[in-house]
Amino acid sequence: MLTGEYQYVLDPKGRLNFPARLREELGDRFVVTKGLDGCLFVYGMEEWQRILEKLKELPLSSARHLQRFLASGAAEVELDKQGRILVPGMLREFAKIDKEVIFAGLLTRIELWSKERYEEISNYDNMDEIADKLS
């Protein structure tokens, strides 16, 4: 299960240390792609294959935008010997990641955020709304 929040810093070459706890769940290879709300989604290879199968089953007339969004922006990444990944430039640009990064484990995927954007979307002022959704 992918859970927790972790803060790291992107190096000048676009490399990012990957949290050891999350590495244990994903393995050495995984997929990074464009995500919703301006973040990146990170999927283990098995979960990514499940998503691709679901995308292939959808009618092209209604799913082409979703297929294009998720699949064309996807990059398979591999951990180096220091436990880092290279985040492709187009994905860094999409998510506006330039320095401080937040990893958010969300059960079957990880969201990768610029720290500034994550703080903007993590405003939990209305706890009653969250509580209503839990019930």
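Tabulated data for the structure shown
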| item | result |
| --- | --- |
| Residue within the stretch 52-68 that is under 15 Å from the mean Cα position of the chain (by Cα) and either free of Cβ contacts under 8 Å to residues at least 40 places away in the same chain or within 22 Å of residue 96 (Cβ to Cβ) (or both) present | no |
| Residue tally, condition of a type in the set (Val, Ile, Thr) and more than 15 Å from residue 31 (Cα to Cα), over the stretch 44-83 | 0 |
| Of the criteria (1) closer than 19 Å to residue 2 by Cβ; (2) modelled with pLDDT under 95, which one residue 40 fails | (2) |
| Scan of the stretch 1-19 for residues that are open to solvent by 60 Å² or more (accessible area, probe 1.4 Å) and in contact with a helix residue (DSSP H, G or I) (Cβ under 9 Å, 6 or more places away or on another chain), ordered by number | 1, 5, 7 |
| Check on residue 73, in contact with a helix residue (DSSP H, G or I) (Cβ under 9 Å, 6 or more places away or on another chain) and at pLDDT below 90 | yes |
| Filtered residue count, the stretch 76-115, keeping only those that are within 12 Å of residue 7 (Cβ to Cβ) and either among the basic types (Lys, Arg) or free of Cβ contacts under 8 Å to residues at least 12 places away in the same chain (or both) | 2 |
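The values are calculated or read from the model by the stated rules, or taken from the named source; none is laboratory data. For clarity, every value in this text was computed on a predicted model and none was experimentally measured. Because the Cβ atoms are built from the backbone with ideal geometry, glycine has one as well, and the counts that use them run over all protein chains shown. Accessible surface areas use protein heavy atoms only, side chains included; no ligands, DNA or RNA. Shrake-Rupley method; radii C 1.70, N 1.55, O 1.52, S 1.80 Å.
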